[in-house]
Amino acid sequence: MPLGYFLGLSAIMFTVGVLGVILRRNALVIFMSLELMFNAANLVFVTYASYYQILIGQIFVFFVMAVAAAEVAVGLALMVAIFRTKHSIDIDQMSSLKG
Amino acid sequence: MTRMIDIYSILPVMIVAGWALLLLVVDLWIPRHRKGITALLAAIGLAIALGFVLASSGNTILGFNQMVVLDGFSSFMQVLFLVSGMVAVALAYDYIQRMNINHGEFYVLMMFSIAGMMLMSQAYNLLMVFLALELLSIPLYVLTGFARTRLESEEASLKYFLLGAFASGFVLYGTALIFSATGQLDFVGIAAVVTAGSANSVLFLIGAALLLVGFGFKIAAVPFQMWTPDVYQGAPTPVTAFMSVAVKAAGFAALMRVFLVLFPSLSEHLTPILWVMAALTMIVGNIVALAQNNIKRMLAYSAIAHAGYILMAFVAFGNGEVVGNTVAATLFYLVAYGLTSFGAWALVIVIEREYGKGILLDDLAGIGKHYPWLGVAMLVFMLSFAGVPLTMGFWGKFYLFRTAVQAGYIGLAIIGLLTSVASAYYYLRVVVYMFMKPGEPKLQINPWVSLVIGVAALAVLLLSLIPWTILELASRAVLLLQ
């Protein structure tokens, strides 16, 4: 299959992710959109790792997965903490900081 | 095969990270009311790493198959990060006790973040750039939310997390596109492919633009600044001070290293974008700061504006003749801004009675009369921020403007001058409130915090008499950049 298909799919995934972060209001959905952006990059890495026959592209994906897992741990903990205080994770209601 | 020279090249980073891991365990045996021991141990760890940085400075080593580099630039930045870390520990010690968030993890997380910044200044491979970026960011998300169950802190943390991860997504996708365009991840390889002209220019340009967006979030450049005021206001004040100095410096370290090594060939396309970003950052930061009456928020907008001044000199990154001056002026400005900023934030820590309370402009009333030396110190910091002569801030701005004019961006320099003049209004308003308004402030001043204020004020004044010593140190850092 031509490379353009893979690149196009990853561009669509990335765009959907960016739009999700900007347009959605639920912190968990935003979080899923962020993962979509990360995975769009992963798709490019594996595609071109196979195209150039260079292993570091695949290795990068493992690093991204590990980092994303660490980020999930922190992010979900933050959401649990804020849900306990506010009983909501809707980011439109996060308005105690103003100026 | 790992050689000793590889280990040597990242020894300070390993010391900070390893010390933080040990401290995490040791902290379990330190009782809650004696967390000062943890603070002291953290400061000792940072001091040891600082010693190793100074001992190994002057060398140029490419370590771990060109994954990391040790050069004058990285040594300069690492000294800045480590000293910022020690100042932040001194500021935090009293504050987290008063705010009843006295957990030893505070210092450990700060050390992890510093390790990330140090690695960022050494990264010579896009994989390392990404890992360092995450290592410095993830502990900061936690630190921002450290005063949890207080809504401001939690909200700030969530906002910082979502936008920080958003920025990481851009950096990551940009990295992926650069990999797709060149088939390389290390800077030497990418530069070679680009010079040979065999890179896919469209993908390479989009990748560079995405990296610029990602780093733009980290340095809080307009239009990627919207998280800054909320996060700076909601985070515990020592963390804010640390962010406004060290994180900004780390963002600029990454920006400089990546752009100067990888993207000089794209300067034709990126320079106009940087021009607009720099102009907007200076204008928006300074104008919005005029309307703030919360000091933390005002200083947040001022931090945005100062990033704009640095970007102004950075616009000329592709111009080989002035690029050395750009880097030297930027490093100098980061030092000048760091000294001033830590002093000003230390003063906010002094007047902050409860979490997020007592930091409005009205709360400054009477401080100049009852605590004259605090008033004078704040006067020094505000004058330095505004860029008045006989302060470090003046020389910082002078070198940045000189670089911008040398590179031919006179319009940008004029915008910078005009916004500096406008900024004097809100900086001096702080001083007016301190000295001219009657009030009966009751402050408890911790000796460590006063030490920071005193040293910062003296340094801002005295170093301004010999600015060329620091500029020369910064220029020597430049020579080894590429």
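The values are calculated or read from the model by the stated rules, or taken from the named source; none is laboratory data. Please read these numbers as outputs of a predicted model, since none were measured by experiment. Here the Cβ positions follow ideal geometry from the backbone for every residue, glycine too, while neighbour counts run over all protein chains shown.
Just to verify a result, which residue in the stretch B:129-158, among those that are more than 19 Å from the chain's Cα centre (by Cα) and in a helix (DSSP H, G or I), is farthest from B:Leu80 (Cα to Cα)?
This residue is B:Leu151.
Scan the stretch B:66-103 for residues that are outside any helix (DSSP H, G or I) and either of a type in the set (D, E, K, R) or crowded, with 24+ Cβ neighbours inside 10 Å (or both) and jot them down. Reasoning before the result, please.
If we filter the stretch B:66-103 for residues that are outside any helix (DSSP H, G or I), which is where we start, we get B:66-71, B:99-103.
Once the filter is applied, which keeps residues that are outside any helix (DSSP H, G or I) and either of a type in the set (D, E, K, R) or crowded, with 24+ Cβ neighbours inside 10 Å (or both), the stretch B:66-103 yields B:Val69, B:Leu70, B:Asp71.
Matching residues to (1) under 30 Å from A:Ser95 (Cα atoms); (2) without any contact (Cβ under 8 Å) to a residue 40 or more places away in the chain; (3) not acidic (Asp, Glu):
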position	(1), (2), (3)
B:Val193	no, yes, yes
B:Asn200	no, yes, yes
B:Ile206	no, yes, yes
B:Leu212	yes, no, yes
B:Phe224	yes, no, yes
B:Tyr232	yes, no, yes
B:Ser265	no, no, yes
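For the stretch B:206-280, please list each of the helices (runs of 4 or more DSSP H) lying entirely inside it that holds at least 3 residues being more than 14 Å from chain A (Cβ to nearest Cβ).
Details: elements: B:227-234, B:237-242, B:248-262.
Output list reads B:237-242, B:248-262.
Look through the stretch A:23-51, keep the residues that are within 23 Å of B:Phe204 (Cβ to Cβ), more than 7 Å from chain B (Cβ to nearest Cβ) and of a type outside the set (Phe, Trp, Tyr), and return whichever of them is farthest from the chain's Cα centre (by Cα). Please lay out each step first, then the result.
To start, the set of residues in the stretch A:23-51 that are within 23 Å of B:Phe204 (Cβ to Cβ) comprises A:37-51.
So of that shortlist, the ones also more than 7 Å from chain B (Cβ to nearest Cβ) come out as A:39, A:42-43, A:46-47, A:49-51.
Remaining after also requiring of a type outside the set (Phe, Trp, Tyr): A:39, A:42-43, A:46-47, A:49-50.
Details: A:Asn39: 7, A:Asn42: 10, A:Leu43: 13, A:Val46: 17, A:Thr47: 18, A:Ala49: 21, A:Ser50: 23 Å.
In this case the residue turns out to be A:Ser50.
Any idea how many residues of the stretch B:149-169 are in contact (Cβ under 8 Å) with a residue 24 or more places away in the chain, surrounded by fewer than 24 Cβ atoms within 10 Å (Cβ to Cβ) and within 7 Å of another protein chain (Cβ to nearest Cβ)?
Number satisfying all stated conditions: 3.
What number goes with the only condition from (1) in contact with a His (Cβ under 9 Å, 6 or more places away or on another chain); (2) closer than 18 Å to B:Asn293 by Cβ that B:Asp362 does not pass?
(1)
Kindly list the number of the only condition in (1) surrounded by fewer than 18 Cβ atoms within 10 Å (Cβ to Cβ); (2) in contact with an Asp or Glu (Cβ under 6 Å, 6 or more places away or on another chain) that fails for A:Gln58.
(2)
Return the residues of the stretch B:435-481 that are charged (D, E, K, R) and within 21 Å of B:Met378 (Cα to Cα); say none if nothing qualifies. Quick ask: steps written out before the conclusion?
Here is the first cut: in the stretch B:435-481, the ones charged (D, E, K, R) are B:437, B:440, B:442, B:472, B:476.
Answer for the stretch B:435-481, where residues must be charged (D, E, K, R) and within 21 Å of B:Met378 (Cα to Cα): B:Lys437, B:Glu440, B:Lys442.
I need a count of the residues in the stretch A:42-97 that are more than 24 Å from B:Gln233 (Cβ to Cβ) and polar (S, T, N, Q). Spell out the reasoning first.
First, the residues of the stretch A:42-97 that are more than 24 Å from B:Gln233 (Cβ to Cβ): A:42-70, A:72-73, A:76.
Applying the additional criterion that residues be polar (S, T, N, Q) yields A:42, A:47, A:50, A:53, A:58.
Matching residues across the stretch A:42-97 total 5.
Can you work out which of the residues in the stretch A:7-22 that are farther than 14 Å from A:Val44 by Cα and within 10 Å of another protein chain (Cβ to nearest Cβ) is surrounded by the fewest Cβ atoms within 10 Å (Cβ to Cβ)?
So, considering only residues that are farther than 14 Å from A:Val44 by Cα and within 10 Å of another protein chain (Cβ to nearest Cβ), the one surrounded by the fewest Cβ atoms within 10 Å (Cβ to Cβ) is A:Ile22.
Exactly one of these conditions fails for B:Ile44: (1) under 24 Å from the mean Cα position of the chain (by Cα); (2) at pLDDT below 95. Give me its number.
Of (1) under 24 Å from the mean Cα position of the chain (by Cα); (2) at pLDDT below 95, only one is false for B:Ile44: (2).
For the stretch B:170-192, enumerate the residues that are at the interface with chain A (Cβ under 9 Å from one of its Cβ atoms) and aromatic (Phe, Trp, Tyr).
B:Phe170, B:Tyr173, B:Phe179
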